[in-house]
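Working notes for the structure below.
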Amino acid sequence: MLPLALIPWLDPETIIQSAGPWALLIVCLIVFSETGLLVGFLLPGDTLLVISGLLTHTSLVFGLEIWWVGILIGVAAFAGGEVGYLIGHRFGPSVFERKESGLFSRENVERTNRFFERFGGISVILARFVPILRTFVPVAAGVGHMNYKKYSLYNLIGAVLWGFGLTFFGYLIGYIPPVADFVKEYIDVILIGAVTITAIPTVWHYLQSSSKARKARLAGVPPLTADEAVVDPAYFDQDPSNDPK
């Protein structure tokens with residue numbers, strides 16, 4: 001086992017000393033932002049949760065038991081979903097009525113609406129496991145005035161399954177001896193890999209969205225109208241793949 005990580009500033013002890021109790025807070029803020037803010041889809045999600053659980057098993061990066069780590073991440077995910085809904089409910093379709101950009105595209109809104117059309121209200125749960133959609137679905141539910149109690153229930157279930165579930169899954173992976181030994185010895189490589197894996201798709205999506213937005217502006221494509229932006233409320237109460245119309 002290596003006495004020091006290959007890159008000192010990525011050594012667990014260095015992380016603990018520099019971030020200390022703030023490490024988990026940073027993770028929770030990222031999780032919150034991904035589901036509570038419309039720019040959150042640029043942030044890492046699934047990989048971050050699995051890595052957080054894995055590191056909780058193999059080191060004391062967060063200084064807490066897995067139960068607390070999972071619960072706090074789950075709470076952050078739930079809170080983010082609630083804020084996303086309230087933003088949509090408060091500002092209405094105007095949230096989506098904006099020019100195309102690298103951070104926003106009508107394609108993402110239309111994809112979100114189609115998701116609701118196919119899966120109904122449980123889209124709030126399922127979208128947790130789909131990048132980009134987990135950012136737009138809470139806001140779309142708010143814009144469409146989905147029943148708040150029903151939304152909050154689905155949001156809670158999704159936050160537990162995704163936030164706590166993926167974190168705990170990462171923790172369980174640590175029980176596989178070869179995995180645990182590898183993580184302890186090559187923590188720096190894993191962290192670099194995690195950052196790379198999440199950064200490449202993020203940058204690619206941003207560049208792709210920016211390119212499409214630029215073409216849309218040159219083509220004179222108008223912003224989404226209120227009718228196009230709002231999900232038909234009937235879809236919130238339907239069964240999956242059962243068109244209410």
query = Only one of these conditions is not met by Gly121: (1) modelled with pLDDT of 85 or more; (2) more than 28 Å from Leu72 (Cβ to Cβ). Which number is it?
reply = (2)
message = Just to be sure I understand the filter: pairs with C-beta atoms under 8 Å, separated by 6 or more residues or on different chains, first member in the stretch 114-135 and of a type in the set (Lys, Arg), second member part of a helix (DSSP H, G or I) and at pLDDT below 90. Which pairs pass?
response = Arg128/Thr35; Arg128/Arg134; Arg134/Glu34; Arg134/Thr35; Arg134/Phe41
query = Across the stretch 111-157, which residue is surrounded by the fewest Cβ atoms within 10 Å (Cβ to Cβ) among those that are of a type in the set (D, E, K, R) and in contact with a Lys or Arg (Cβ under 6 Å, 6 or more places away or on another chain)?
reply = Arg134
request  = Output the helices (runs of 4 or more DSSP H) that fall wholly within the stretch 5-107 and possess 1 or more residues being at pLDDT below 75, or say none.
outcome  = 12-19, 46-58
query = Within the bounds of the stretch 158-168, is there any residue that is surrounded by 14 or more Cβ atoms within 10 Å (Cβ to Cβ), at pLDDT below 70 and β-branched (Val, Ile, Thr)?
reply = no
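The values are calculated or read from the model by the stated rules, or taken from the named source; none is laboratory data. Given the structure is predicted, the values throughout are model-derived calculations rather than measurements. All Cβ positions, glycine included, derive from the backbone under ideal geometry; neighbour counts span all protein chains shown.
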